[in-house]
Amino acid sequence: MVELTVNGNAYELEAPVGRTLAETLRLDLGLTGTKIACGEGHCGACTVQLDGVPVLSCITLVHTVREREVTTIEGLREHPLIEAFVEADATQCGFCTPGQIVSASALLAANAKPGAEEIKHAMAGNLCRCGTYPKIERAIHAVASGGEGH
Ligand code: FES
Ligand code: FES
């Protein structure tokens, strides 16, 4: 059995050896906002936060996250980045977007006023096949300059 806290909710579930956090979130808990694209730790689509730090859930075994707080895109519904991404038109196909917002929210929680280079650095692990990077950066800047980074 694995005990998990996800978005403030406690869960206890069976998990076979080798089960990834991404699989557990999507298949066992129905939290399908977390995407699996490459499945190999290259693209960032599966990014969630562990104790506020972005991690790649496709290469994180669920047995390693006991007693840690997992935050997924579903836990960030009220975050100002959601509206900022819409305003900046920062989504095309949308597949990378949950991971982008999870990473960006961790950045803003650690640094409410990041500069352009800090944003690029923090977001470097999140790839976007649609090439929306300038708009993603604009959305993050908008929240940072609004002083709502949390
Ligand atoms: S799906 Fe996890 S890094 Fe690509
Ligand atoms: S919006 Fe399509 S991959 Fe980023």
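The values are calculated or read from the model by the stated rules, or taken from the named source; none is laboratory data. Quantities reported herein were computed from a predicted structural model and do not represent experimental measurements. Using ideal geometry, Cβ is built from the backbone for each residue, glycine included, and neighbour counts are taken over all protein chains shown. These area figures cover heavy atoms from the full protein model, side chains too; ligands, DNA and RNA do not enter into them. Shrake-Rupley method; radii C 1.70, N 1.55, O 1.52, S 1.80 Å.
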>> Check which residues have an amide H placed less than 5 Å from residue 31's amide H, if you skip close sequence neighbours.
In response: 26
> What do you reckon, how do 79, 121 stack up by accessible area (1.4 Å probe), largest on top?
Replying inline: 121, 79
> Simple spin-label model, 7 Å along Cα-to-Cβ: residue 109 to residue 93 in nm?
Replying inline: 2.8
> Out of residues 5 or more away from residue 69 or on other chains, whose amide H comes under 5 Å of its own, with H placed 1.01 Å from N in the peptide plane?
Replying inline: 51
> Taking θ as phi - 60°, what are the ³J(HN,Hα) couplings along region 59-71 by the Karplus curve (6.51, -1.76, 1.60), each to the nearest whole Hz, with x for Gly and Pro?
Replying inline: 10, 10, 6, 4, 5, 8, 10, 3, 6, 10, 8, 9, 10
>> Residue by residue through region 78-86, what is 3J(HN,Hα) from phi via Karplus (6.51 cos²θ - 1.76 cosθ + 1.60, θ = phi - 60°)? Round to whole Hz and write x for glycine and proline.
In response: 8, 6, x, 5, 4, 5, 5, 5, 5
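I'd like the carbon and sulfur percentage of the solvent accessible area for the chain, probe radius 1.4 Å, heavy atoms only, ligands and nucleic acids excluded.
Of the solvent-accessible surface of the chain, carbon and sulfur hold 52 percent.
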>> Would you report the distance distribution of C-alpha pairs in the chain as whole percents per 5 angstrom bin, up to the bin with the largest distance?
In response: 2, 11, 21, 23, 19, 13, 8, 4, 1
>> Explain nothing, just compute: Karplus ³J(HN,Hα) = 6.51 cos²θ - 1.76 cosθ + 1.60, θ = phi - 60°, for every residue of region 8-25 in order, whole Hz, x for Gly and Pro.
In response: x, 9, 8, 10, 9, 8, 7, 9, x, 4, x, 5, 8, 4, 4, 5, 4, 4
